[in-house]
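Notes to accompany the following structure.
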Amino acid sequence: MDTTKTYGFIAIASNILPVPPEEIAKDLQIELLNSGAGKLHAADLSMNIPLIFLVLTGGTEQKILELYSQRRKFFHNEPILLMAHQSNNSLPAALEVLGRVQQDGTNGKIIYMDENSNKDCWHDLKKLIKYSQVYHKIVNSKIGLIGAPSDWLVASSPDADAIEKLWGAKVEYISIVEFIESIDKIKNDEIDIDHHNLITKTAGVKEPSKKELLHVVKVYAALKKIISHYKLSALSLRCFDLVTDLKTTGCFALSKLNDEGIVAGCEGDMVSTLGMLWINNFTDLPVWMANPARLVEHNNSIWLAHCTVPLGLVDKYKLRSHFESGLGVGIEGEFSKGKVTLIRLGGKNLDKLWITNGEILETGSDENLCRTQVHVKLHGSAKVSDLLNTPYGNHLLMVRGNFSKDLHEWWEMFIHKAARY
């Protein structure tokens, strides 16, 4: 198969046919190939791309179940995707297979390709392929945990097995000592351009010294080398050890990495970092991890605050000290108004989700909160009181745009039902 194809399908037909399988639903098979699909075979079941079982005829139920069983050896939580068409008992066979799969405790979806009854069937297929591509990106990801999770993250420190079992991402444990030693090896001439951009593009510098500004760029450069060495898709950093041991911060480094599309979480919070990886893969947008600093129950709104933020999310920024310590560099970003989505994963097995659309009301500058502050009004049925009654932990995630419907739909298909079974 051409490895540039974005997804694949296996066409499955009965052994007793009056015509070759290529002649059954011929137009549909041609359209699939033209849409970016590759025609796969049983030997291709390990390929890390979305896979559809095209049910050409009836009498294929056992074949499909055997192929799906083989597929699950490589992608154990992947739902079965079945495609049915109008003739040759395709739909009855697909219904039988999905019924059996669900009895066995697995999830799946039938795409019925009939433009007469569903004019949006190709659009639905495209969306389902995108959802499956997100799943495969996560399965193919490696998250680096640099140092242990911060001591206060008592509800946000899942072990690697819990992450891999349900979400598929792998965790690489990296010593904080190794990282701190790597910072000292960064030379000034390695960071000239990034240092220049940091200080020339800011709207102002208040507390940080020239030495502190230089040091946080070295933290960024050292993280880049760690990412390259370990081939990481994302990372979470026990950043407060930088404050206590080096009198510096990771706020700028994490901000810049997220702007570059490399998901980077604070405090060793693996729950939030996994959520950021999911949302970034789904939206291709940077994600902000922040503290829920204040609730306004009568207005159903919330203040979020943190000392780092992807600069691509804000209109302008100032360079401040880190709020809790007064050391290093924190970022005070200013948001414009607009639609956002707030998300929190949780649960012992990472199978819980709190999600809502919202709208930015204003940016704050309170000296008693972390440097970047934003006031968000929640939309829909979600209430800020949910966070008081059944919190999944501290940090919330925010991304620009309203994505709660699609993200929840994806989670329901790939996570919630997999965890339930």
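The values are calculated or read from the model by the stated rules, or taken from the named source; none is laboratory data. Nothing here was measured: the structure is a model prediction, and the numbers come from that model. Virtual Cβ from ideal backbone geometry, glycine too; neighbours counted across all protein chains shown.
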Filter pass, Ser336 being out of contact with any Lys or Arg (no Cβ under 9 Å at 6 or more places or on another chain), modelled with pLDDT of 95 or more and of a type in the set (S, T, N, Q): yes
Test: Gly346 is over 30 Å from Leu246 (Cα atoms), modelled with pLDDT under 95 and in contact with a Ser or Thr (Cβ under 9 Å, 6 or more places away or on another chain): yes
Which listed residue is among the β-branched types (Val, Ile, Thr), buried (at least 17 other Cβ atoms within 10 Å of the Cβ) and closer than 30 Å to His136 by Cβ, from Thr356, Thr363: Thr356
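Within the range 76-95, which residues are more than 17 Å from Pro50 (Cα to Cα) and surrounded by 17 or more Cβ atoms within 10 Å (Cβ to Cβ)?
Within the range 76-95, the subset more than 17 Å from Pro50 (Cα to Cα) is 85-95.
If the condition is that a residue be more than 17 Å from Pro50 (Cα to Cα) and surrounded by 17 or more Cβ atoms within 10 Å (Cβ to Cβ), then His85, Asn88, Ser90, Leu91, Ala93, Ala94 are the ones that fit.
What residue, among those in the range 46-75 that are aliphatic (A, V, I, L, M) and assigned to a helix (DSSP H, G or I), is surrounded by the fewest Cβ atoms within 10 Å (Cβ to Cβ)? Walk me through how you get there before you give the answer.
So in the range 46-75, the residues aliphatic (A, V, I, L, M) come out as 47, 49, 51-52, 54-56, 64-65, 67.
Now drop any that are not assigned to a helix (DSSP H, G or I), which leaves 64-65, 67.
Numbers: Ile64: 23, Leu65: 17, Leu67: 20.
The residue in question is Leu65.
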The range 325-366: number of residues that are touching a strand residue (DSSP E or B) at 6+ places or on another chain (Cβ under 9 Å), within 24 Å of Ser156 (Cα to Cα) and among the basic types (Lys, Arg): 2
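Would you confirm, using the coordinates I've provided, whether Asn89 is under 22 Å from Ala25 (Cβ atoms) and assigned by TED's automatic domain parsing to the domain that holds Lys26? Write out each step before concluding.
Values: under 22 Å from Ala25 (Cβ atoms): yes; assigned by TED's automatic domain parsing to the domain that holds Lys26: yes.
In short, yes.
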Filtered residue count, the range 294-333, keeping only those that are surrounded by fewer than 23 Cβ atoms within 10 Å (Cβ to Cβ) and more than 22 Å from Val217 (Cβ to Cβ): 11
Hits in the range 1-44 - residues which are of a type in the set (Ser, Thr, Tyr) and assigned to a strand (DSSP E or B): Tyr7
Residue that is modelled with the lowest pLDDT [pool: residues in the range 225-266 that are buried (at least 19 other Cβ atoms within 10 Å of the Cβ) and charged (D, E, K, R)]: Asp241
Of all residues in the range 100-115 being part of a helix (DSSP H, G or I) and under 30 Å from the mean Cα position of the chain (by Cα), the one that is surrounded by the most Cβ atoms within 10 Å (Cβ to Cβ): Val101
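Take the residues in the range 140-175 that are of a type in the set (Val, Ile, Thr) and modelled with pLDDT of 95 or more; name whichever of them is farthest from Leu274 (Cα to Cα).
Of the range 140-175, the ones of a type in the set (Val, Ile, Thr) are 143, 146, 154, 163, 171, 174.
Narrowing the set further to residues that are modelled with pLDDT of 95 or more leaves 143, 146, 171, 174.
Numbers: Ile143: 8, Ile146: 14, Val171: 10, Ile174: 17 Å.
Once the filter is applied, the top-ranked residue is Ile174.
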Selection status of Ala25, at pLDDT below 95 and crowded, with 21+ Cβ neighbours inside 10 Å: yes
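Does Ala84 satisfy the criteria of being without any contact (Cβ under 8 Å) to a residue 40 or more places away in the chain, under 20 Å from Leu128 (Cβ atoms) and not acidic (Asp, Glu)?
Details: without any contact (Cβ under 8 Å) to a residue 40 or more places away in the chain: yes; under 20 Å from Leu128 (Cβ atoms): yes; not acidic (Asp, Glu): yes.
Yes, satisfied.
This table checks each residue for (1) under 27 Å from Trp167 (Cα atoms); (2) among the hydroxyl-bearing types (Ser, Thr, Tyr).
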| site | (1), (2) |
| --- | --- |
| Asn48 | yes, no |
| Thr60 | no, yes |
| Ser87 | no, yes |
| Pro92 | no, no |
| Lys109 | yes, no |
The one condition in (1) modelled with pLDDT under 95; (2) part of a strand (DSSP E or B); (3) not β-branched (Val, Ile, Thr) that Asn118 fails to fulfil: (2)
Filter pass, Leu33 being free of Cβ contacts under 8 Å to residues at least 24 places away in the same chain, within 32 Å of the chain's Cα centre (by Cα) and closer than 23 Å to Trp122 by Cα: yes
